[in-house]
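Accompanying notes for the structure given below.
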Amino acid sequence: MTWERGIAAAIVIIVAGLVAKIVDRRMARQELPPEATTRYRVIRRSVTAVIIFVGVFSALLAIPQVRAIAGGVLASSAILGLIIGFAAQRTLSNFIAGILIAFTQPLRIGDRVEVEAGAGIVEEIALTYTFIRMDDRSRLVIPNDKLASDTIRNSTIVSREKVAEITLQIPLSHDLEAVVGLLRDETATERDAEVVVSGLNGNATLTVRVRADDEVTAERLEAELRLRLHKRLRAAGTFA
């Protein structure tokens, strides 16, 4: 009976949806490095999409009218035209580009990139779109096929490490060697700390550099260093 086949089709679709959700949750539990995370998320979405597609297709085949049409299409050369026509669609183009991005990895989740619209952090690489959190906190949504064909500047593709850098203006009347010694002592516990006299124009310009794990850490460290070094120099009488 028609209503029985409709119920069976609905059950198949529901089961496919539940299976897709279970598989996605199990795959999501993995803790992976950035390069693997990007591939893994795209694979998760691809697997989920395939499970749902197979479920819906199987449900439709349970209906005799749909099965008859599908059988006729599969039995004819029209299937080739369907495949070519579907492949030419933008959606499939974006999907394929997403897979290529995930495996060739010109950018990864968490990378800082510069695109035509500006700079930001890659937040998500979905099946058809990539989401970038811009510096003004807005979200840029880029079709994957556009992203795969455009030029991208990726400042974290090799390493996420950044250098926190600040500059200080010191009057030339002060003993610069002593000031440099104070700053080096204050930053001795920081990673790869460096203090140099980078300019002598009106005042002495001292540049302090330390290495940080990533851009966010570098920005926070710069703010902390400004306060710490200012306090240290005030205590030493360098700043009145």
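Worth pointing out:
- Three-way shape call for region 106-154 based on the alpha-carbon gyration tensor, with the a/c threshold at 1.5: rounded
- Reported value for region 162-235: 80 Å³ per residue, from the convex hull of its C-alpha atoms.
- Segment residue 184-residue 123, extension gain: residue separation times 0.36 nm, minus the distance between their alpha carbons: 18.3 nm
- When 239, 103 are sorted by how many other C-beta atoms sit within 10 angstrom of their C-beta, beginning with the fewest, the order is 103, 239.
- Sorted peptide list for 173-181, 124-132, criterion being average Cβ within 10 angstrom, highest first: 124-132, 173-181
- On the basis of the beta-carbon distance and an R0 of 45 Å, residue 49 and residue 224 show a calculated FRET efficiency of 0.50.
- Nitroxide proxy distance, nm - points 7 Å out along Cα→Cβ at residue 135 and residue 157: 2.0 nm
Only the coordinates and a few stated rules stand behind these numbers; no lab work does. Every value quoted in this text rests on a predicted model; they were computed, and no experiment measured them. Because the Cβ atoms are built from the backbone with ideal geometry, glycine has one as well, and the counts that use them run over all protein chains shown.
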